[in-house]
Amino acid sequence: MMYGKLPKARKIMLIALDIGNNHVTIGGFDGDDIRFVAAIATDPKRTGEEYACLMQNVLALHHADKTPITGAAICSVVPGMADILHKAIAFLTDGPILEVGAGVKTGLNIKIAEPRTLGTDRVVTAVHASHTYPMPCVIVDLGTATTCTALDASGALVGSAITAGVQLSLSALNEHTAQLPTVGLREIPGDVLGKSTAEALCIGAVYGTAAMIDGLVKRYGEALGACPTVVLTGGMAETIRPYLTTETIHEPTLALRGLADIWHRNHGRNAK
């Protein structure tokens, strides 16, 4: 996906930081428009100063280093990383920095037994999906873990499922078996009749994940009482999507957009 350069005439930019297990995804917003998306490695050993330098370089790379930052929104699934990135972004802006968590207004109705255990990454994707797509909806995030988040007809978050992600599953097989090799997913077999061990691993990872998603979506439809809109996001979404039989919407910036929505609700145009 291509993003244009930030217009020099505009003087407002919101930075959204989605901290995952492997990467910190950075989105630069001009109003509701994403002007750039970038990624840097997640490394808890780096200091806030080091991350500030990295982000300054990212801004310069995308011709956004001369544009004042009006604020930032952060979500994280890695303990301690939100504090490090909060310190880093504070070097770059005097505006409000929001960390998604308890006490932050999201507008999302969460109907599960233990709302505080829900990952903030899933909260932010659900926030944007809940007012963007037809309900009910199932969000499938294909990252280090593969997660499914179900929203009912009213947009309330009512349930979820979590399993190991595609790459994590392959890594686990390689690590915990004596003979299974390490394989990549650049050349995926055209059918499920694997002719070698390497092909069999690819088929299990890709076709197996697609079949699991298709089956879960069918069950979610039964539980929700209607066929749900299915939104794919996460780093493996483009790899898995062609092998699904389910009709889907691919939105790679779903988490970033949800972060921007929450920031505006708390500090921006929608704050009350």
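Descriptive notes on the structure:
- Checking residue 217 against (1) in a helix (DSSP H, G or I); (2) open to solvent by 20 Å² or more (accessible area, probe 1.4 Å); (3) among the β-branched types (Val, Ile, Thr), the condition it does not meet: (2)
- Condition check for residue 169: loosely packed, with under 13 Cβ neighbours inside 10 Å and small (Gly, Ala, Ser): no
- Neighbours by Cβ (under 6 Å, 6+ apart or cross-chain): first from segment 177-204, β-branched (Val, Ile, Thr); second open to solvent by 50 Å² or more (accessible area, probe 1.4 Å) and assigned to a helix (DSSP H, G or I): 182/174
- Selection count, segment 176-200, where residues are closer than 14 Å to residue 239 by Cβ and of a type outside the set (D, E, K, R): 5
- Scan segment 66-77 for residues that are over 20 Å from residue 127 (Cβ atoms) and open to solvent by less than 40 Å² (accessible area, probe 1.4 Å) and the total you get is 2.
- Number of positions in segment 144-160 that are open to solvent by 30 Å² or more (accessible area, probe 1.4 Å) and either among the small types (Gly, Ala, Ser) or over 30 Å from residue 109 (Cβ atoms) (or both): 4
- The residues in segment 220-260 that are open to solvent by 70 Å² or more (accessible area, probe 1.4 Å), closer than 24 Å to residue 156 by Cβ and within 19 Å of the chain's Cα centre (by Cα) can be counted, and the count is 0.
- Of the criteria (1) within 15 Å of the chain's Cα centre (by Cα); (2) crowded, with 17+ Cβ neighbours inside 10 Å; (3) modelled with pLDDT under 95, which one residue 118 fails: (2)
- Any hit, segment 146-154, residues being without any contact (Cβ under 8 Å) to a residue 60 or more places away in the chain, in a loop (DSSP other than H, G, I, E, B) and among the hydrophobic types (A, V, I, L, M, F, W, C): no
- In segment 157-215, the qualifying residues are those that are acidic (Asp, Glu) and modelled with pLDDT of 90 or more, and the one that is nearest to residue 247 (Cα to Cα) is 214.
Table: residues versus (1) assigned to a helix (DSSP H, G or I); (2) open to solvent by less than 30 Å² (accessible area, probe 1.4 Å); (3) under 26 Å from residue 36 (Cβ atoms).
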{"site": "54", "(1), (2), (3)": "yes, no, yes"}
{"site": "59", "(1), (2), (3)": "yes, yes, yes"}
{"site": "85", "(1), (2), (3)": "yes, yes, yes"}
{"site": "98", "(1), (2), (3)": "no, yes, yes"}
{"site": "139", "(1), (2), (3)": "no, yes, yes"}
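- Residues that are β-branched (Val, Ile, Thr), out of contact with any strand residue (DSSP E or B) (no Cβ under 8 Å at 6 or more places or on another chain) and closer than 24 Å to residue 141 by Cα within segment 193-215 comprise 203, 206, listed in sequence order.
The values are calculated or read from the model by the stated rules, or taken from the named source; none is laboratory data. Owing to the predicted nature of the structure, the values given are computational and were not obtained by experimental measurement. Cβ atoms come from the backbone with ideal geometry, glycine included; neighbour counts cover every protein chain shown. Please note that ligands, DNA and RNA were not included when accessible areas were found on the heavy atoms of the full protein model with its side chains. Shrake-Rupley method; radii C 1.70, N 1.55, O 1.52, S 1.80 Å.
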